[in-house]
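No value in this document is a laboratory result; all are computed from the given coordinates. Predicted, not measured: the structure shown is a model, and the values here were computed from it. Ideal geometry is used to build each Cβ from the backbone, glycine not excepted, and the neighbour counts take in all protein chains shown.
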Amino acid sequence: GYFETKCAGSKKMIGEAKQYIPGGVQHNLAFNYPFPLAMAKAEGPYLYDVDGNRYVDYLQAGGPTLLGSNYLPVQEKVIEVIKECSPCPGLFNEYEMKLAKIIHDNMPHVEKYRSLASGTEADMTAIRIARTFTGKSKIIKVGGAYHGWSDQLVYSLHIPGTQRFEAHGIPKEVSANTQEMWPNDIDGLRKLLEGNQKDGGTAAVIVEPLGPESGTRPVARDFNAKVRELCDEFGALLIFDEVVTAFRVGPGGAQGYFDIKPDLTVFGKIVSGGYPMAGGVGGSEEVMSCVAAGVNPGKPKAYVGGTLSANPMSCAAGYYAIDEIVKLDAAKIAGENGDKLCKGLQTLIDKYDLPFVAWNTGSIVHFEVTGAMYLDAADPDILKKIGQRQHALEEFGAALTANGVITLAGSRIYTSMADNDETIKETLDAFDR
Ligand code: PMP
């Protein structure tokens, strides 16, 4: 009854939106069940809907607002930049340089960095650079991993616990160059790499370093190191998609956490501090010279553009947000909040002896139906079981929302520096109810 009685404004708005927007929403991260809520305000650890209901916000804009939403010290700087240099499209500016430098200072494998407009675009660009640099075509991704919605990467094996896509409208010739491996299946990866040797070779293996969907299917401890070794053996580039993990698992990103050097790193979200136009790609000077006009004349070049990429507003937002995150040790504080929350969830699971499991990597917390962790590809009922899992978590996510807590699809939680003992208690009470 919560949604019917307390969310009348959202219901009315989504009804009207459906007249103008397909399905009524664009990219609704949290839920569509029973209908999407229209949000009016975000502040610190909270979201407020148009009916004035308050929620603890564990979406954190899909990850980037590690400082909490509407973080004033960054917001004030961004407003100053907007007033000073307005749109300034396509021209070099101070903040483009400052952003690239602060990323390099914290993630030294990113020797050179190029700003882009979204994570999707950055993933697409990394692939183009890898193909240009290696002269090879095939790309291997992990099933269930999300690397945006470009033609080349939106596929997904149906991996339990990860999203399924209806991805039509993609020519067969494009999909022919993208292959998928089962999560953690290093032998399977070797077979794909070997097979590709007879067919022009592999340009890159792209991974989410914590595992598909920010670690919803967690990586084995040595997975990234083994992928690195195989990439070196077969002359493929290793791409880390750090759209969620950069600065969130620590100032050095997942590459610092695992102590692995990727050839290319993909960024999104955090590189504009949660403001619009968030994307970028970086890597060694040698690899990144593929996108630099005038450098290494005669060498193959990847065309990478974007009128509003590297606009001063987004770059300043990213620069000031990252500066604060590093200075305040925000990843550590958010991570401690994640630890507390995860521990509390485990206590509840034990208290009621529930078929659920909770785990976290710092500020990235997962809550999952235990059975989903043991499903495998060969199970003839796999699609039915994935559907059941999805439905269970969807209902659970809606129940949490009705109790004042918004998670990503009922099972993923991004904590921030703005969380505190009070928000964590509110959350655990909601889970308990
Ligand atoms: N890669 C990862 C790991 C992501 O989580 C996302 C977004 N959820 C993307 C890429 C795509 O980023 P964007 O939505 O900015 O296109």
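Quick notes on this structure:
- For region 190-236, the calculated P(r), taken from all Cα-Cα distances in 5 Å bins from zero up to the bin holding the longest distance, is 5, 21, 27, 20, 16, 9, 2 percent.
- Estimated 222 nm signal from helices in the chain, with DSSP H stretches of n ≥ 4 weighted -39500 (n - 2.57), rounded to 500: -12000 deg cm²/dmol
- Put in order of Cβ neighbour count within 10 Å, fewest first, the listed residues 147, 391, 109 become 391, 109, 147.
- Geometric extent, Cα atoms of region 44-163 - Rg, Dmax (angstrom): 18.7, 55
- In order through region 132-140: 3J(HN,Hα) via Karplus (6.51 cos²θ - 1.76 cosθ + 1.60), integer Hz, x for Gly, Pro: 5, 5, 8, x, 10, 10, 6, 10, 10
- Solution diffusion estimate, µm²/s, Stokes-Einstein, region 316-425, Kirkwood Rh from C-alpha pairs, 10 °C, viscosity 1.306 mPa s: 102 µm²/s
- Antiparallel content of DSSP bridges confined to the chain, in %, to 5: 60 percent
- Computed over region 36-97, Kirkwood Rh from alpha-carbon pairs, angstrom: 13.7 Å
- Panel values: region 72-327, Kirkwood radius from alpha carbon pairs, Stokes-Einstein at 10 °C and 1.306 mPa s, translational diffusion coefficient 86 µm²/s.
- In order along region 297-306, phi translates into HN-Hα couplings of x, x, 7, x, 10, 9, 7, 9, x, x Hz, rounded to whole numbers, per the Karplus curve 6.51 cos²θ - 1.76 cosθ + 1.60 with θ = phi - 60° and x for Gly and Pro.
- Largest first, the extents of the alpha carbon coordinates of the chain on the three principal axes equal 66, 60, 44 Å.
- Ranked packing of 73-85, 251-263, most packed first, by mean Cβ within 10 Å: 251-263, 73-85
- Peptides ranked, highest mean first, by Cβ atoms within 10 Å: ranges 112-120, 96-104: 112-120, 96-104
- Cβ crowding within 10 Å averaged over residues, with 229-236, 320-327 ranked highest first: 320-327, 229-236
- Selection from 175, 36, 334 lying farthest towards where the dipole of the chain points positive, charges on Cβ: 175
- Mean Cα-pair separation over length for the chain, i.e. relative contact order, pairs under 8 Å, 6 or more apart, %: 22 percent
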